[in-house]
1. Checking the conditions here, which among 242, 282, 275 is more than 19 Å from residue 45 (Cβ to Cβ) and at pLDDT 95 or above?
2. With respect to residue 415, determine if the residue is farther than 14 Å from residue 476 by Cβ and either free of Cβ contacts under 8 Å to residues at least 12 places away in the same chain or out of contact with any helix residue (DSSP H, G or I) (no Cβ under 7 Å at 6 or more places or on another chain) (or both).
3. Restricting the search to the range 411-436, which residues are buried (at least 16 other Cβ atoms within 10 Å of the Cβ) and under 22 Å from the mean Cα position of the chain (by Cα)?
4. Kindly establish whether residue 93 is more than 30 Å from residue 205 (Cβ to Cβ) and outside any helix (DSSP H, G or I).
5. For the range 119-134: of the residues being at pLDDT 80 or above and outside any helix (DSSP H, G or I), which is surrounded by the most Cβ atoms within 10 Å (Cβ to Cβ)?
6. Checking residue 310 against (1) modelled with pLDDT of 95 or more; (2) over 25 Å from the mean Cα position of the chain (by Cα): exactly one of these is not met. Which one?
7. Residue check, residue 337 against (1) at pLDDT 80 or above; (2) surrounded by 18 or more Cβ atoms within 10 Å (Cβ to Cβ), all met but one. Which one?
8. Can you name the residue in the range 193-209 that is closer than 18 Å to residue 221 by Cβ and part of a helix (DSSP H, G or I) and, of all such residues, is nearest to the chain's Cα centre (by Cα)?
């Protein structure tokens, strides 16, 4: 029976019973994953049970065969809606949701993270299939991002911060892909019972197998070859990620145990043969104990190396104004558009053919701006952030789709520790909230040396704004262009060694896929303020053909009108990409900025 460790700081008997109910649910529904949760620090296990329950209850609703897909979606949405109400109230009459609410509040987790997985779970009800492995992987990341991210967050909140360096993020994503592919193979028969096939079309068709062959349980040599291919792929992916050698030993033991356990599950899939289409292979208790018993002993000793900090009192529930009725859902709240400039100036009208799609900015001159005014240098960074907010609103106004800013380079560590500390403190406080909807935040750079709360805030904002699309704002923080290229090359080398790609077929397009944001478009306009005329290791790959725009003013003196002027200047240039000049063409009418409203 699940036991609440004393270190968990759960004193209320009703709450302890709620956590115990979550533990029993996890143990009964998935003994393997429950056993893996027991490798977490003892004080965090109840929270792991609750978070697992928060994702598994909706998943079970969707996976059931009771009712139509629309009816199952309605039941799932009703359960999620009650959870949202309980989070607002700070408690629940339902034992599962009571534990979930306490976990979210006690550990200061972001409830919106759950909805990323809820959206992916709901999509499963329709039985839609991924066309390619890339589509499949995206779906996997959406399904698993909450569990992985929340476990890392729990460790960080408990004082066991585990940074994930950019060059290892792809390794971790690949590891999750292998875990999910193994689950897909083990659960294949159960999915077929529901008429669902969670495999990408490209791999099924490549092996000459029709979806109907699997749905009708027809075993053949082609099906056997398909399963063998999938097992081999999953086995390569669930190898312990390379970054385990550089993190807390408790995390090393946990990840290696996951790797060992899932490879054992893959061996069971291989042994099942044709039975795989009729019944999922399960690991026996002896096999689980052989892998997990020594891991649990080692993990328990490893976690004692670092004191675990457990919040005793959860944060109070949010207080709603009594005069304002609660909103039925987040979708009912009106979208916040860009704020107008104080002068009410309107953006210029630019020919869409002359509008850059991606602008990158080196925001230079903050320190010199402050020094010339007799202020500490960090006050220049604060003023620079105010300028950035206005530029972001100006980008939204004019319809710019991609904006990338150089906030802190890997070479900036040479500055004074006091200035750096003040800059990071300001960034952590502001959390890149621009008071406007439509901005999707991405972060490029390394977490090494950055404060934990800053890294956590950036990663949380990335997750929360994933659905926005008006403007993609990429913040380059602790970023170096050459290091980014070196990490991409290392990722290609690891993939070649693992047999995932042919090194003789490495191309520019392939290398771009191993950059932190492979979908980032090439930079059309690179703008630097502050009077300097160099690019300073900023986006060397993406800005190869960028038009360069240098201005003398310091960044804190900039606002959206300067951005618009840079866009106008871009529109007057002819971009040839190595070709001869085009024939003269009539000037394009580009209107000036409007006047007062």
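The values are calculated or read from the model by the stated rules, or taken from the named source; none is laboratory data. No experiment lies behind these values; they were computed from the predicted model shown. Quick reminder, even Gly has a Cβ in these numbers, built from the backbone with ideal geometry, and neighbours come from all protein chains shown.
1. Within the list 242, 282, 275, the selection yields 275.
2. Taking the combined requirement at face value, the residue satisfies it.
3. Of everything in the range 411-436, those that are buried (at least 16 other Cβ atoms within 10 Å of the Cβ) and under 22 Å from the mean Cα position of the chain (by Cα) turn out to be 424, 427, 428, 432, 434, 436.
4. Details: more than 30 Å from residue 205 (Cβ to Cβ): yes; outside any helix (DSSP H, G or I): yes.
Against the criterion (more than 30 Å from residue 205 (Cβ to Cβ) and outside any helix (DSSP H, G or I)), residue 93 qualifies.
5. So, considering only residues that are at pLDDT 80 or above and outside any helix (DSSP H, G or I), the one surrounded by the most Cβ atoms within 10 Å (Cβ to Cβ) is 130.
6. Here residue 310 meets the rest and fails (1).
7. Failing condition for residue 337: (2).
8. Once the filter is applied, the top-ranked residue is 203.
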